[in-house]
């Protein structure tokens, strides 16, 4: 075991034990040889960025634990990780990418993409409430990854939600990152960029999670079963304004009732065959003055678009309810080099709940633009 080799105490990673009833229920189904689905929702680490293959990603290794521990069960694997995305997008896509698969157990991992602030406390709470209330009543395990150069993550915010909803939380900060700090290994032993684990890092991350699952399984086998905590999330007062739980994502296939205008934006009709084909089902535009508008109901509005590593790219602005003084610039030029980014900007937050108009207009184009502006979606909460 990798963890034993490095002297990692996996038990230190359990930041909140939570109520284990739902995890045990999923394990009981598997023990009976029934079908179960295990899901993973998160960012690039969950997707498996920088793992040498999909099978060396932590998510797949945890799935393999379920298969090996319960060999008589038919276990389905759902990896809904998308790089560069936060829980704000996660709550808007949870239904389509995760909950529609009828999951029994899921890991949620957004702690290095979410920032440590109140905004992401709120979006994360909305995501957890949506998953917890799903019709299959899935078990949730909160996993906190970490940046290996400075130890930052959104763990402080996510644990608040875990504690409030009695969910287990497992962290890489007091386990893997601690061993970087004490010199047991260097960050380059587990990651090439201080963020995304390599195969060794993914393996260690999986072992921390599996250690927790093994503990739950051994307690279940010993007859120490958890009591159902009977949480009715919809009757619980949220910790935050909770404007994001019922987020709706509008793209070119479902916007007929909300689009009010379109001058110069072209529908992208390429099919989206995989959730990681992220620049699909949107609109493109490359003419200055091109604009598109929507009347949407909610209190928070996000605009999702492409930031391109190929420069120059078009620049747009988003205006809500005609308030040009607070317009949001949507710059299609990406200053990073790792690849095009699926960027989500919050253009309005905590407005009075109701109908609001958002208009997106191209305000900056260049003769030598390499790519058009790509509007992926408008999200309301």
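What follows is calculated from the coordinates using simple rules that are stated; it is not laboratory data. The structure displayed is predicted, hence computed values, not measured ones. Glycine also receives a Cβ, built like all others from the backbone with ideal geometry; neighbour counts cover every protein chain displayed.
Odds and ends about this structure:
- Whole-Å distance, taken between Cα centres, linking the stretch 155-192 and the stretch 254-286: 38 Å
- Degrees between helix 118-132 axis and first principal axis of the chain (Cα, 0 to 90, nearest 10): 60 degrees
- For the stretch 43-92, averaging the sequence separation of C-alpha pairs within contact (under 8 Å, six or more residues apart) and dividing by the residue count gives a relative contact order of 49 percent.
- Centre separation in Å (Cα based) which lies between the stretch 301-362 and the stretch 51-98: 30 Å
- Among 225, 122, 68, a tally of other beta-carbon atoms within 10 Å of each Cβ gives an order, fewest to most, of 68, 225, 122.
- For the peptides 265-272, 109-116, the ranking by mean Cβ contacts within 10 Å, running from highest to lowest, is 109-116, 265-272.
- Length-normalised contact order of the stretch 248-380 in % [C-alpha pairs under 8 Å, at least 6 apart]: 36 percent
- C-alpha long axis of helix 58-69 to longest principal axis of the chain, angle in °: 40 degrees
- For peptides 154-166, 210-222, sequence by mean Cβ density within 10 Å, most packed first: 154-166, 210-222
- As a proxy for reagent exposure, ranking 49, 67, 300 by other Cβ atoms within 10 Å from fewest up yields 67, 49, 300.
- DSSP finds beta bridges in the stretch 2-235, and of those with both partners inside it, around 15 percent are antiparallel.
- Degrees separating the helix 199-221 axis from the principal Cα axis of the chain, which is the longest one: 60 degrees
- Pairs of C-alpha atoms in the stretch 248-380 farther apart than 20 Å represent 41 percent of all such pairs.
- Mean separation of Cα contacts under 8 Å (6+ apart) over length of the chain, as relative contact order %: 17 percent
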